[in-house]
Each structure stands twice: as C-alpha cells, then as structure tokens.
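K.L.:
One structure is given below, represented as structure tokens, and several questions about it will come after.
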Amino acid sequence: MSQKLWDGRFSEKTDHRVEVFSSSIDVDKRLYAYDIEGSVAHCKMLATVGIINDEEASILIEGLGRIKREIEHGDFVFDDSLEDIHMHIETRLLQQVGKTALKLHTARSRNDQIALDVRMFLRDATLGLIDLLLKLGEAFVTLAKKYIQVIVPGYTHLQRAQPVLLSHHLLAYFEMFMRDADRFFDGWERINVMPLGSAALAGTTYPIDRHLTAKLLNFPTISANSIDAVSDRDFIVEFLSTASLCMVHLSRISEELVLWSSYEFGFIELPDAFSTGSSIMPQKKNPDIPELIRGKTGRVFGDLIALLTTLKGLPLAYNRDMQEDKAPLFDAVETLTDCLELYIKMLPKIKINREAMQKAAATGYLDATDLADYLTNKGMPFRDAHHCVGQIVGYAIENEKEINELSLDELQSYAALIKEDIYHILTPQQIIDRRRTHGGTATEKVNEAIAVGQKQLAKRRQKLAELYKNKS
Ligand code: ARG
C-alpha cells in the first residue's frame, strides 16, 4: 500500500477490496489535463497572494508540467490505492519535487477541485458538440439545396398525408438540431462558473483571490455559495438532458432511414460503407448505423436518469455518491460525439431514389385535402367539402383509381362545382407550391428557409468561435 495523503488519523490500512471498490481512477484519469491546469492556476494564485513563495510556485508548476508529460507519454503508473486523479497527481508531485508538494493543496479540497475539473471538461465537450451540430446542420442545408426538386409523401400516423418537398422534411431536422445547439449554448452560461476556493464546503480561512484563479482559467464568474459550489451537479444534468434530446432527434431520423431504405419504401439507399450484410442471407444489406444510433439513445437516457437518481435526496454538501457522476457523463459525451460524427459522414452519401418518392407522393389520395379546399374556395362550406371528397375517395378506391384519374363527369356527379382546372390543381408540385404560409412546404418558402438556415449557421459559428476564444 502506498502512503495515503489523508491517513493521519487512521491506525489500520485500507482494505484492498475497499480501495478497488472506491477507486475512480479508471474513469477520472481522463480529467488529468484539467486537474493539472487547475492546480497550476491555484499555485500562481497562492504565490500572488503570498501564501507560498515564488520559488515554491515554480517548483510546483514545473513538477506538474513534468507529470502531464509523463501521463501523455504513457509513463505514469495508475494505482487503485491512490483513489482518484487528484491523489495520483499530488502523490507523484511529492515523489518528484519533495516536500514543497505538500503545499499544493493549501486552501483547496478535492471537493472544489473535482467541481472545477468537471466544469473545465464540460466546457470543451460542449463546444465540441456544438461544432458537430453545426456541421450536421450544414449537411442538412446542403442536402436541402441539392434536392429542392424532389417530392416525397409527408406522413401522419405513418399514413401518406400530403406531398411535401424532401428538402422541407430535411429542414425539419435542421430545426431540431439547431435547437439542440442552442440548448448547449444556453447551458454554457451555467457551466462556465469557477468553483475553486469553496474548499471542502464552507470556504477557507486563507486570504485567497478567487477572481484571480478564475481569470487564469478563463472563467468570467465565480460561484456565489461555497456549499452549492461543491454540491451542484445541475449543469451536468442539463448537459445530459440536452444530449438526450439530441439523441431523440438522431433516433427519429434513424428510424426514418431504416424505414426508407427498406424494400417496402425503397426511397433511399444507404452507402455500402455504412451498412453490413447478413451472415446467412446473401441478399441483405442492413441499416446497422441508424439502428445502432437508435439503440444508443437508450444509453444516453440511462446516463441522464443515473445522475438524476444519484442526486435525488442527497443532503448538502459533497457526498461520495457524487463520484458516480462521471461515468454517465463521459459515456454520454462519447456516444453523442460518435453518433454525430457518423451522421455527418453518412448523410451526404445517402442515395435518393427520386422516382420512388415521386410515385409514392402521387398515389394514395394525398391530394384529397386540396380537392376539399378547391370546393371550399368555390363556396362549399369546408365540412361539406370534406364529406363530399370523402365520398369521391371511396369511389376512387373502389375503382382502383387516383382522384385525378377520374373523369370530369365522374367528379361532377359528386360536386357540380368541379371544373376542368382541377386536373392542373391536383398535381403534387401544385399541391406543394400552393402551401405558401410561412414555414410551409412551397418551393419558394423552402428556398427562403434554406437561405435563413445558412445565415443562422453563420451566426452560430461566430458565437462558437467567440466562446472558443474566451475560453483559451
Ligand atoms: N473522486 C472524487 C469525486 O469524483 C473527488 C472528491 C472526493 N472528495 C472526498 N472528500 N473524498 O467525487
């Protein structure tokens, strides 16, 4: 057993099973760079206010730099008996620079230290995910532009409802992912708060300068209440909730890709590089990537629920339970990052089967609403028009025809108001292009939405660049 930095009052060695059980090093070692950066800022602050002298500060800072390089080169030994990343680094510092290392932890606790590390990690994770969401948004806008002439059935209840532009459908996802990006932007405000100096829970007797530490680590604000600062994991819950919602959106489009690539729909073909075959059925090409992404959504929900459950009912302030926050957080960041990266690569390579989409949009009475609107415009009350068109559809089904395949005589036997111009009106393109309400599917409106989307992307990119700049 290595000497522990906290074992002054202990007369017995820690049970080995306890060491292994309570160790979090396998999980929190990925915080090493933030831990070291936080310690370096802490040292500088301690020296500035005179709690340690300049020589001690430079010994500590140099030692921390060497440890960082050791970890990066894979020369650092991790050991369960040292519990967590904080203890590993401090113990190694003691071996490296001797007794001066014992001053590093002055005016600090692991409770505020871990709160700082996680916030620093989450700043990077948030910016990385926003960057990916903007790239995904760009991919949707590019596809919307490319396929502006493609018509697809729009569905409600998974029944063909009304024809829409494929671009309109794609831009619906653009909206969802931009809201996700905005939710991550919004969470940033609450992540970007510096907790160090809260110490164990009550603050510290040393004359520290928290604002200086914050400035050195590029935090614009410091936490207001020391008890809250070491207990608060709200910002992680918010992050996981945004991540979960983003997975919901990925899962919904995944489901559509699975359906659309099926033989039954035949609307799209997924790229070979993103599909797999069956070990027994030679004809199969399976949509594994959308399926797996749909499946991984459950994992990220689990991560959110795990943290909510861990926090529920915890008394103030820090409790060891909170060590369990990191595994779900890291899992969610990794999962969401992978899923977004895959989508960004896969989307532009999907083959669109324009004819199949067009054909589906022209069959199945997707023009019934427009015939009712036509009659309403000619003076028939909408409910009567709805009933009349219902009868026409019934007749058309019986005769295995589409509405626009019925003769004028047949149509007029249901409503004398119907004239020859109806055949021009009941085409998918006309049906689409008459839906000129703001946010509607008319080509003109979708082109406007593409232009607005591009502008919004540029604005968000600029906002992201500013956050990157402020943080570094
Ligand atoms: N490894 C701990 C965590 O992740 C750090 C804080 C531990 N504090 C303590 N008093 N044991 O939460």
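K.L.:
Work out the charge dipole of the chain with +1 on the Cβ of Lys and Arg and -1 on the Cβ of Asp and Glu about the Cα centre, then indicate which of Leu411, Phe274, Leu347 is farthest towards its positive end.
P.N.:
Value computed over the given set: Leu347.
K.L.:
Note down the relative contact order for the chain as a percent, whole number, built from C-alpha pairs under 8 angstrom at least six residues apart. Mind showing how you got there, number by number?
P.N.:
On the way: 603 pairs, mean separation 77.6, N = 472.
Value for the chain: 16 percent.
K.L.:
Here is a further query. How do the peptides 142-152, 410-420 rank, highest first, by the average count of neighbouring beta carbon atoms within 10 Å per residue? Write out the running numbers ahead of the final one.
P.N.:
Working: 142-152: 19.0, 410-420: 15.5.
Going by the mean number of other Cβ atoms within 10 Å, highest first, we get 142-152, 410-420.
K.L.:
Does region 206-254 come out rounded, prolate or oblate by the C-alpha gyration tensor, with a ≥ b ≥ c the root eigenvalues, rounded set by a/c under 1.5 and, if not, prolate when a/b is larger than b/c and oblate if not?
P.N.:
Values: a/c = 6.31, a/b = 2.64, b/c = 2.39.
It is prolate, given that a/c is not under 1.5 and a/b is the larger ratio.
K.L.:
Mind running the shape call on region 1-59? Use the C-alpha gyration tensor, a ≥ b ≥ c as the square roots of the eigenvalues: rounded below 1.5 for a/c, prolate if a/b tops b/c, oblate otherwise.
P.N.:
On the way: a/c = 3.93, a/b = 1.71, b/c = 2.30.
Judged from the Cα gyration tensor, region 1-59 comes out oblate (a/c at least 1.5, b/c at or above a/b).
K.L.:
If you take every DSSP beta bridge whose two residues both sit in the chain, what share of them, in percent to the nearest 5, is antiparallel? Walk me through the numbers on the way to the answer.
P.N.:
Numbers: 9 of 11 bridges.
Counting only bridges with both partners in the chain, antiparallel ones make up about 80 percent.
K.L.:
Run the numbers on region 96-251 and let me know its relative contact order in percent, using alpha-carbon pairs under 8 Å that are six or more apart.
P.N.:
Numbers: 175 pairs, mean separation 45.3, N = 156.
Dividing the mean separation by the residue count of region 96-251 yields 29 percent.
K.L.:
State the extension gain, in nm to one decimal, for the chain segment bounded by Lys469 and Ala161, taking 0.36 nm per residue of separation less the distance between their alpha-carbons.
P.N.:
Numbers: separation 308, 0.36 × 308 = 110.88 nm, distance 4.76 nm.
Taking 0.36 nm per residue and subtracting the Cα distance, the gain is 106.1 nm.
K.L.:
Also, quick follow-up: Can you tell me which of 224-234, 10-20, 115-125, 398-408 comes out highest on packing, and rank the rest after it, using the mean Cβ neighbours within 10 Å? Write down the numbers at each step before the final one.
P.N.:
Working: 224-234: 18.3, 10-20: 10.4, 115-125: 23.5, 398-408: 13.2.
My ranking of the peptides, most packed first, is 115-125, 224-234, 398-408, 10-20.
K.L.:
Roughly how many nanometres apart are two label points built 7 Å out from the Cα toward the Cβ at Lys103 and Asn286?
P.N.:
Result for the modelled spin labels: 6.2 nm.
K.L.:
Which of Phe382, Phe301 comes first, and how do the rest follow, when ranked by fewest Cβ neighbours within 10 Å? Write out the running numbers ahead of the final one.
P.N.:
Values: Phe382 11, Phe301 19.
In order of increasing Cβ crowding within 10 Å: Phe382, Phe301.
K.L.:
Contact order normalised by length for region 339-451, with contacts defined as Cα pairs under 8 Å and 6 or more residues apart; what percent is it?
P.N.:
After rounding, I find 20 percent.
K.L.:
Given 0.36 nm per residue, what is the gain on full extension from Ile305 to Glu255 after removing their alpha carbon distance, in nm? Please list the in-between numbers first.
P.N.:
Numbers: separation 50, 0.36 × 50 = 18.00 nm, distance 2.32 nm.
Residue separation times 0.36 nm, minus the Cα-Cα distance, leaves 15.7 nm.
K.L.:
Could you work out how far the C-alpha centroid of region 6-53 sits from that of region 99-167, in angstrom?
P.N.:
Using only Cα atoms, the two centres lie 31 Å from each other.
K.L.:
Would you kindly state how much longer the chain becomes between Glu138 and Arg66 on full extension, computed as 0.36 nm times their sequence separation minus their alpha carbon distance, in nm to one decimal?
P.N.:
Details: separation 72, 0.36 × 72 = 25.92 nm, distance 4.14 nm.
Result: 21.8 nm gained on full extension.
K.L.:
Using only the Cα atoms of region 1-130, build the gyration tensor, take square roots of its eigenvalues as a ≥ b ≥ c, and label the shape rounded, prolate or oblate: rounded if a/c is under 1.5, else prolate if a/b is larger than b/c, else oblate.
P.N.:
Working: a/c = 1.60, a/b = 1.09, b/c = 1.48.
Oblate shape, in that a/c is at least 1.5 and b/c is the bigger or equal ratio.
K.L.:
Please rank Tyr263, Tyr395, fewest neighbouring Cβ atoms within 10 Å first, as an exposure proxy. Before the final figure, lay out each step's value.
P.N.:
Values: Tyr263 6, Tyr395 16.
Final ranking by Cβ density, sparse to dense: Tyr263, Tyr395.
K.L.:
Could I ask something else about it? If I fit a long axis through the Cα atoms of helix 54-72 and take the longest principal axis of the Cα atoms of the chain, what angle between them do I get, 0 to 90°, rounded to 10?
P.N.:
Relative to the chain, helix 54-72 is tipped by roughly 50 degrees.
K.L.:
Further question on the same structure: Given labels modelled 7 Å from the Cα in the Cβ direction, how far is it in nm from Glu341 to Asp384?
P.N.:
Calculated label separation equals 6.4 nm.
K.L.:
Same structure, new question: Let me know the volume per residue of the alpha-carbon convex hull for the chain, in Å³. Don't skip to the answer; put the middle values down first.
P.N.:
Details: hull volume 93.6 nm³, N = 472.
Convex hull volume per residue, Cα atoms: 198 Å³.
K.L.:
Of the listed peptides 55-65, 448-458, what is their order by residue-averaged count of other C-beta atoms within 10 Å, with the highest listed first? All intermediate terms of the calculation are to be shown ahead of the outcome.
P.N.:
Working: 55-65: 18.5, 448-458: 15.6.
Ranked by mean Cβ neighbours within 10 Å, highest first: 55-65, 448-458.
K.L.:
Another one. Nearest 0.05, what FRET efficiency do Lys13 and Asp182 give at R0 = 60 Å with Cβ-Cβ as r?
P.N.:
Computed FRET efficiency for Lys13 and Asp182 comes out at 0.70.
K.L.:
Another question, then. Please list, by residue number, everything in region 148-179 whose backbone N is under 17 Å from a paramagnetic label point 7 Å out along Cα→Cβ of Lys459.
P.N.:
It comes to 174-179, nothing else.
Bear in mind these aren't lab numbers, they're just calculated from the coordinates by the rules spelled out. This one's a predicted model, so the numbers in the text were calculated from it and none came from an experiment. Using ideal geometry, Cβ is built from the backbone for each residue, glycine included, and neighbour counts are taken over all protein chains shown.
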